[in-house]
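Visitor: First the structure, then my questions, so here it is.
Every number here is computed from the coordinates shown, using simple stated rules; none is lab data. Please read these numbers as outputs of a predicted model, since none were measured by experiment. We place every Cβ from the backbone using ideal geometry, glycine too, and count neighbours over all the protein chains shown.
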Amino acid sequence: MTSITYRVDTEPDSPAHHGLADAPADAPPPTATRIRPRRWRGPMALLGSVVQRSIAVAALLAVWETFPRLNLVDATFLPPLSQVLQAWWDLGRRLRPSSTSIAAILLGKRGE
């Protein structure tokens, strides 16, 4: 796997981008600097990034639960996470019998 990186320290249409800003007219063109490609990350680095992402998701869920409870956000527009999960659970329990019936109808099973 290869990776391509670009330097983005000047604006694309500026003379500095083309290496013409500070160089005298008779100077040779600047040589390209080689940027090393990113090496393979070991398992510990991968675990660290997974932990960082998990912490970010956990922080978001904590904010979602906490802000409506502290009345920082109106619960009408953003109900607490626990209430949303409870509503999803109840909806799933209500839909389970009808989904079983729909599956039986689609598979052509009769009530026996």
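Visitor: Could you give the semi-axes, largest first, of the ellipsoid that matches region 43-107, computed as the square roots of 5 times the alpha carbon gyration tensor eigenvalues and rounded to whole Å?
Guide: Values: eigenvalues 221, 112, 8 Å².
Equivalent-ellipsoid dimensions as semi-axes: 33, 24, 6 Å.
Visitor: Excluding residue 103 itself, what net charge comes from residues whose Cβ is under 12 Å from its Cβ, given Lys and Arg +1 and Asp and Glu -1?
Guide: Working: positive: 96, 109; negative: none.
Overall, the nearby charge balance is +2.
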